[in-house]
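Everything below concerns the one structure shown next.
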Ligand SMILES: Cc1cc2nc3c(=O)[nH]c(=O)nc-3n(C[C@H](O)[C@H](O)[C@H](O)COP(=O)(O)O)c2cc1C
Ligand code: SF4
Ligand code: FES
């Protein structure tokens, strides 16, 4: 078995092989692989004995289930109303400048992807962003550069 | 307009740290289910997730179902722009929610509960699982069988709609179902299900501990109790505040405004924008109050001062709806896109100002024909912004 098959098998063993276990399995694959390839989806369908079209249907519905290979660290900047009012664009520019990527892109070394997302539930401390599962709030361009600087020091 | 003004009154129940939850749990579990339902009904607690359905009645209807398998679900999908109170409850007083879920399970006859947590809040999982473990350990000690697990969402606002949430948990696309059947008879896996907002559950803890009267004595007729408000935007004190229901928006703005408040968005992007001239005649509570205009709200209060363009605000909301519409029904899928590009066309002068009236008509159609609350409520913010700030849409 290849690594993706191994991963899917172990996720299915952990969560179960029923339809209601599909979302946790998809999430587990994205967590590890940084996206859902067509191959992973077909393998998941096989493992759970579901039509591949059903797996595709579910997998394409959710904005956090990516379908192209993402960077190791996915940055999601909130673009909803309060963050927009409180300087979201300056935050984006600071990130774009520092990483030399635009929204939707991944750095050539595969370390960072830059995305926008909707309200993160931190409007009282806007602007806010997620890097993978970690939240950063009350951002300023300086603060963002500091945070990214720390991530850049981590191995890719 | 004659309008009785209610003063803004702070309350402090939700975040009050209660170190006797074990006692409250075992004491409540020793009461007959019917008595617990009666207590909730007499408190007049209504759902804090937005729709305002009476909580006691929801539990009663589900309890009356004869199915042998039922579920309790805590809706922690909190995705409405401007809302951040549920996250705070789950981080600071998770045990109140867990106690409420177990009591609900006891009342309706369910052995399993789920917390549907939005993927954006994944960082809450380790602490929450710790609290669940400790909680289940105590349940075992008192011989009460109830399991709680977390189900994570994956970045879809629509999954906060209760039937979309069930489908999401069942491994499907998060597309709202037709109602009826209602969750009380056919919810998760087709079984009778109580689904309540995080805050609603936390309030039931207050009621179990202090009794219905304590809760009922807060607020005003038809809008009893206190409620958490998520305050953000142009305010010197953004944050989460527990206030009694029924206050006038005027009082609210005096307390939270920056002295230059032009409008307040009540209830998030799917709620209403209230302009300054209507602050005094607007009360914050559920529908059905006799005086003034009453607005139901999940508790999102966004303040805008005079430096803000209401066009930009509406544009931002419409982009949100366009992205978050599940796309299942045409009025909403196509409607959101047309509204989004329509206001842009008017602003650029590609369409005449009267085109705004066509768009208003379109939102009326959406309100009548869209399948779920998302498509139905786009009209709220659209019409309240366009009607009150028409100039800003055009020039
Ligand atoms: C588009 C949409 C999104 C919703 N999102 C949420 C949510 O994030 N959290 C929530 O508790 N209720 C949400 N609701 C309301 C739920 O459908 C449901 O009414 C609520 O969870 C019931 O709990 P309550 O009676 O305690 O308020 C949403 C409704 C709609 C139409
Ligand atoms: S109204 Fe919108 S969100 Fe609701 S079911 Fe229709 S398309 Fe989906
Ligand atoms: S608008 Fe950005 S966190 Fe709510």
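The values are calculated or read from the model by the stated rules, or taken from the named source; none is laboratory data. Because the structure is predicted, anything quoted here is derived from the model rather than measured. When we count neighbours, we look across all protein chains shown, and the Cβ atoms used for this are built from the backbone with ideal geometry, even at glycine.
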Discussion item. Among the residues of the range B:164-187, what is the count of those that are more than 14 Å from chain A (Cβ to nearest Cβ) and surrounded by 22 or more Cβ atoms within 10 Å (Cβ to Cβ)?
Written reply: 2
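Among B:58, B:9, B:23, B:70, which is the only one that is at pLDDT 95 or above and closer than 29 Å to residue B:266 by Cβ? Before the answer, list the steps.
Working: B:9 fails: at pLDDT 95 or above; B:23 fails: closer than 29 Å to residue B:266 by Cβ; B:70 fails: closer than 29 Å to residue B:266 by Cβ.
Only one candidate passes the filter, namely B:58.
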Discussion item. I need the full set of residues from the range A:56-98 which are more than 23 Å from residue B:83 (Cβ to Cβ) and at the interface with chain B (Cβ under 9 Å from one of its Cβ atoms), in order please.
Written reply: A:57, A:58, A:60, A:65
Worksheet item: Checking residue B:349 against (1) on the phi > 0 side of the Ramachandran plot; (2) away from ligand 1 (no atom under 16 Å from the Cβ); (3) within 14 Å of another protein chain (Cβ to nearest Cβ), which test does it fail?
Response: (3)
Worksheet item: Under the condition of being more than 12 Å from ligand 1 (Cβ to nearest atom) and within 18 Å of residue B:181 (Cα to Cα), which residue from the range B:69-91 is surrounded by the fewest Cβ atoms within 10 Å (Cβ to Cβ)?
Response: B:69
Worksheet item: Do we have residue B:204 as within 12 Å of ligand 1 (Cβ to nearest atom) and either surrounded by fewer than 19 Cβ atoms within 10 Å (Cβ to Cβ) or more than 14 Å from chain A (Cβ to nearest Cβ) (or both) here?
Response: yes
Discussion item. Just to be sure before I move on: is residue A:102 outside any helix (DSSP H, G or I), surrounded by fewer than 17 Cβ atoms within 10 Å (Cβ to Cβ), more than 10 Å from every other protein chain (Cβ to nearest Cβ) and at pLDDT 95 or above in the structure I sent?
Written reply: yes
Worksheet item: Within the range B:78-102, restricting attention to residues that are more than 19 Å from residue B:16 (Cβ to Cβ) and part of a helix (DSSP H, G or I), which residue is nearest to the other protein chains (Cβ to nearest Cβ)?
Response: B:101
Worksheet item: Take the residues of the range A:114-143 that are buried (at least 21 other Cβ atoms within 10 Å of the Cβ) and away from chain B (no Cβ under 14 Å): which is farthest from residue A:70 (Cα to Cα)?
Response: A:139
Discussion item. Can you tell me how many residues within the range B:103-130 are under 28 Å from residue A:131 (Cβ atoms), touching a helix residue (DSSP H, G or I) at 6+ places or on another chain (Cβ under 8 Å) and more than 9 Å from chain A (Cβ to nearest Cβ)?
Written reply: 7
Practice prompt. Test residue B:354 against the criterion of being under 30 Å from residue B:154 (Cβ atoms) and modelled with pLDDT of 95 or more, and give yes or no.
Written response: no
